[in-house]
Amino acid sequence: MTLINIGIAGCLGRMGKELVKSLIEDNRINFSGGLEHSDHKDLNKKFSTLLGLNTDHQVSNNAEKIFSDSDVVIDFTTPSSTAQNLITAKKNNTSLVIGTTGLTQDILKNIKEISKDIPILQSANMSLGVNLLFQLVQQAASILDKTNYDIEISETHHKHKIDAPSGTAIALGEYASKGRNTDFNQVKVFDRLNSTEKRNTGDIGFSVIRGGEIAGEHTVSLIGTNDRIDLSHKALNRSIFVKGAVEAAIFLSQQKYGFYTMDDIIHS
């Protein structure tokens, strides 16, 4: 069996560490290296020392080498790092799985453009369960109209998470908007603190909690006059995101080029 060479960008982040462990233990995969930014305190240290893993690899800042040695790179970094990794992936003809959140519209546009040359899978959430929730929310929103049912989205994450609302919460709002054939940017409400008006019909409101080490919890509430429907997903740990990202990388290694999402994994 030919092993798939997979590298990790952001290899010492919360997701990155779990991904490195998973790749090294997966007999379908050859871990081709981990990438971190050039001023990281653990740069050039061995993973065997940092994470207790059976590998000779060291933490690297040589993006060119990691990408050239890899069939696929999994990217859980920052928007600015992802923007640079897109360029490096295209240059080295390396497939790219992007799990970074908080991406700008310019970066998202660039992802679509570069995917004409290489395979790219981008998702705000790598959990298969959450991606099924996306579909359920879209269906529910299409059936329960905006006149009779208000939509509110709440999400909870660990205290270290920077972006708020989360990329997953925003994606849930976008799927709800698709279900109602509305423009998400016209109905999203991230902050009501300075509002002096009542809730507008069709608004999609967001609330955010940050605390502890919660991996991720999301609830979409469709609230009517006489009833309420809650569609929820709770991640008990990060393993579901790791598994989804690894399966996405294996799927992507079989593609020639194009833009993909976790929907393609679900229906493959």
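Observations on the model:
- Only a single item in (1) touching a residue at least 24 places away in the same chain (Cβ under 8 Å); (2) basic (Lys, Arg); (3) in a loop (DSSP other than H, G, I, E, B) is not met by Lys41, and it is number (1).
- Of everything in the stretch 55-77 that is assigned to a loop (DSSP other than H, G, I, E, B) and touching a residue at least 60 places away in the same chain (Cβ under 8 Å), the residue that is surrounded by the most Cβ atoms within 10 Å (Cβ to Cβ) is Ser70.
- Taken over the stretch 136-173, the criterion of being open to solvent by 50 Å² or more (accessible area, probe 1.4 Å) and closer than 21 Å to Val97 by Cα is satisfied by Ile162 alone.
- The listed residue being within 22 Å of Phe206 (Cα to Cα), of a type outside the set (Lys, Arg) and either open to solvent by less than 10 Å² (accessible area, probe 1.4 Å) or in contact with a Phe, Trp or Tyr (Cβ under 7 Å, 6 or more places away or on another chain) (or both), out of Val130, Val97: Val130
- Filter result for Lys17 (under 19 Å from Ala248 (Cα atoms) and without any contact (Cβ under 8 Å) to a residue 40 or more places away in the chain): yes
- Filter result (in a helix (DSSP H, G or I) and either over 15 Å from the mean Cα position of the chain (by Cα) or under 13 Å from Gly167 (Cα atoms) (or both)) within the stretch 106-132: Asp106, Leu108, Lys109, Asn110, Lys112, Glu113, Ile114, Val130, Asn131
- Single residue of the stretch 67-87 satisfying the filter (closer than 19 Å to Glu25 by Cα and among the β-branched types (Val, Ile, Thr)) that is nearest to the chain's Cα centre (by Cα): Ile74
- Ile120 within 30 Å of Thr2 (Cβ to Cβ), of a type in the set (Val, Ile, Thr) and open to solvent by less than 40 Å² (accessible area, probe 1.4 Å): yes
- Test: residue in the stretch 210-219 that is closer than 30 Å to Tyr149 by Cβ, within 15 Å of the chain's Cα centre (by Cα), open to solvent by 30 Å² or more (accessible area, probe 1.4 Å) and touching a residue at least 60 places away in the same chain (Cβ under 8 Å): yes
- Residue match in the stretch 183-190 (condition: surrounded by fewer than 19 Cβ atoms within 10 Å (Cβ to Cβ), among the hydrophobic types (A, V, I, L, M, F, W, C), part of a helix (DSSP H, G or I) and at negative phi): yes
- Criterion violated by Thr49 - all others in (1) in contact (Cβ under 8 Å) with a residue 24 or more places away in the chain; (2) open to solvent by 50 Å² or more (accessible area, probe 1.4 Å); (3) among the β-branched types (Val, Ile, Thr) satisfied: (1)
- Selection over the stretch 14-46 of residues that are under 17 Å from the mean Cα position of the chain (by Cα) and open to solvent by 30 Å² or more (accessible area, probe 1.4 Å) gives a count of 3.
- Qualifying residues in the stretch 241-268 (those that are out of contact with any strand residue (DSSP E or B) (no Cβ under 9 Å at 6 or more places or on another chain) and of a type in the set (A, V, I, L, M, F, W, C)) - the one most open to solvent (accessible area, probe 1.4 Å): Ile266
- Extreme residue, nearest to Asp263 (Cα to Cα), among residues of the stretch 191-209 that are open to solvent by 40 Å² or more (accessible area, probe 1.4 Å) and charged (D, E, K, R): Asp191
- Counted residues, the stretch 211-226 - those being within 14 Å of Ser166 (Cβ to Cβ) and either among the acidic types (Asp, Glu) or not in a loop (DSSP other than H, G, I, E, B) (or both): 5
The values are calculated or read from the model by the stated rules, or taken from the named source; none is laboratory data. From a predicted model like this one, the values you see are computed outputs, not experimental measurements. A quick note on method: Cβ atoms are made from the backbone with ideal geometry, for glycine too, and the neighbour counts reach across all protein chains shown. To get the accessible areas, we keep the full protein, side chains included, count just its heavy atoms, and leave off ligands, DNA and RNA. Shrake-Rupley method; radii C 1.70, N 1.55, O 1.52, S 1.80 Å.
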